[in-house]
Amino acid sequence: MAIVDPNMPYDVVIVGGGPAGLSAALALGRARKQVLLCDSGPRRNQRAAHLHNFVTRDGTPPEEFRQIARQQLARYPNVKVRDLRIESISGAKGAFTLRAGQEALEARRIILCVGMIDEPPPIEGFQELWGHAVFQCPYCHGWEAKERPWGYLARDSAMLHFAIMLRGWSKEVTVFTGGAFELPPHDRADLEEAGVRVETAAVARLMHQGLSLQGVALSDGRSVACEALFIHPAQRHVEVIAALGLSLDQDGLVKVDPMTRETSIPGVYAAGDLCTRAQGAMFAAAAGIHAAGMVNHELTAALVKEGLL
Ligand SMILES: Cc1cc2nc3c(=O)[nH]c(=O)nc-3n(C[C@H](O)[C@H](O)[C@H](O)COP(=O)(O)OP(=O)(O)OC[C@H]3O[C@@H](n4cnc5c(N)ncnc54)[C@H](O)[C@@H]3O)c2cc1C
């Protein structure tokens, strides 16, 4: 039985059906809200064969992860899931309009869970190997490549300590700066002390056979053995986020209130990769349920006040 007039707009439209959006939909479904989850694909980890480091789902193919979540959502008649790309969002708290092609969808509240788009560097071999031998996260894919020669392709000096952490999985770690920045002497000393090799020459290409990385070829003609390469690639927001004009933090991520996960636009909440550098499926799912709980709390009070509950 519907808990609000069926002619009324959705209580909440969730934009994005990755771990954050699916988790938000589950919580709001169980809280008896009228929910629409829209997902346009592709998912961020679509190049990865398996999802790791998500308790009870370690080793699950990412597509299967999403299918299980959608099957579980199907138990809740008040939750609709559609393969739909949201192109624009207008309106204000209580009466938002989301456009998808010719369709206009109306909602009282919105949760943005659209993830981020990775921008791969223009290095030959990178695209093919992304998600197979080139990764963002050692917790996700390090175990399978442990004790092999590893590399970290650093884009600036801010994350050089990351290479020292990689030593937990491999004794042979090389940092490639690609000549992109000056290596601060104290960082060089820390890396050397940790047994991490440093290569400052530009990276010419990734040497691979099929999806197996073999080494990193440098512009000066040398090459370094490397079977797993880590990188934090540049990222950009999907168009609908860029168009909304939300407040962003110093890293360009969507700013949310830490308690409520509300963005700078009242009634619009956000969860998942678009808000954080801690980008992992479990983090995203947790943020999704957090946003859902906060939306539900606030919206329920509003519905009661309006006499709709
Ligand atoms: C190669 C790779 C491997 C990874 N492996 C792991 C791993 O093993 N374990 C782990 O914990 N993490 C892993 N991650 C990180 C993990 O995938 C992300 O942290 C997680 O998917 C973020 O979830 P999310 O819900 O925020 O965004 P996403 O999973 O990116 O989902 C966002 C969804 O929103 C959709 N969308 C975007 N714009 C719109 C729109 N306008 N309208 C409708 N839908 C839209 C997208 O198509 C996408 O389906 C990996 C990442 C990469 C890149």
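The values are calculated or read from the model by the stated rules, or taken from the named source; none is laboratory data. Here the structure is a predicted model, which is why all the values come from computation and not from measurement. Here Cβ is always computed from backbone atoms with ideal geometry, including for glycine, and neighbour counts include all displayed protein chains. What goes into the accessible areas is simple: the full protein's heavy atoms, side chains included, and nothing from ligands, DNA or RNA. Shrake-Rupley method; radii C 1.70, N 1.55, O 1.52, S 1.80 Å.
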- prompt: Tell me, what is the FRET efficiency for Arg30 and Ala286 to the nearest 0.05, using R0 = 22 angstrom and their Cβ-Cβ distance as r?
  reply: 0.85
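Around Ile86, with a cut-off of 11 angstrom between Cβ atoms, what is the net charge of the other residues, counting Lys and Arg +1 and Asp and Glu -1?
That works out to -1.
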statement: Taking every DSSP bridge whose two residues both lie in the chain, the antiparallel percent to the nearest 5 is 45 percent
- request: Could you tell me whether the stretch 119-231 comes out rounded, prolate or oblate from its Cα gyration tensor? Rule is a ≥ b ≥ c as square roots of the eigenvalues, rounded for a/c under 1.5, then prolate if a/b exceeds b/c, otherwise oblate.
  value: oblate
- prompt: With no solvent and one point on each alpha carbon, what is the Debye value of log10 I(q)/I(0) for the stretch 184-284 at q = 0.10, 0.12, 0.16 Å⁻¹?
  reply: -0.52, -0.68, -0.87
The stretch 251-309-the stretch 233-248 distance, computed between alpha-carbon centres (Å): 17 Å
task: For Leu248, list long-range residues whose amide hydrogen, built 1.01 Å from N in the peptide plane, is under 5 Å from its own amide hydrogen.
output: Lys255
query: Could you name the aspartates and glutamates in cross-link range of Lys255, using Cα to Cα under 13 Å and dropping any fewer than eight places away on the same chain?
result: Asp273
message: Taking all protein chains in place and a 1.4 Å probe, what share, in percent, of the accessible surface of the stretch 119-231 do carbon and sulfur account for?
response: 50 percent
statement: Here the cysteines of the chain lacking a cysteine partner under 4.7 Å (Cβ to Cβ) are Cys38, Cys113, Cys226, Cys275
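What's the ranking of 284-294, 51-61 by average number of surrounding C-beta atoms within 10 Å, highest first? Present the calculation step by step, with values, prior to reporting the outcome.
Details: 284-294: 23.6, 51-61: 14.4.
In decreasing order of mean packing, 284-294, 51-61 become 284-294, 51-61.
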field: Hits among lysines - C-alpha to C-alpha of Lys171 under 18 Å, sequence gap 8 or more where chains match
entry: Lys146
task: For the chain, count the residues as N, evaluate 2.2 N^0.38 Å, and divide the Cα radius of gyration by that value, please.
output: 1.13
field: Within straight-line cross-link reach of Lys33, aspartates and glutamates at Cα separation under 15 Å, skipping those fewer than 8 residues along the same chain
entry: Asp5, Asp11, Glu106, Glu298
- prompt: For labels at Asp83 and Asp156 in the simple 7 Å Cα→Cβ model, what's the distance in nm?
  reply: 3.9 nm
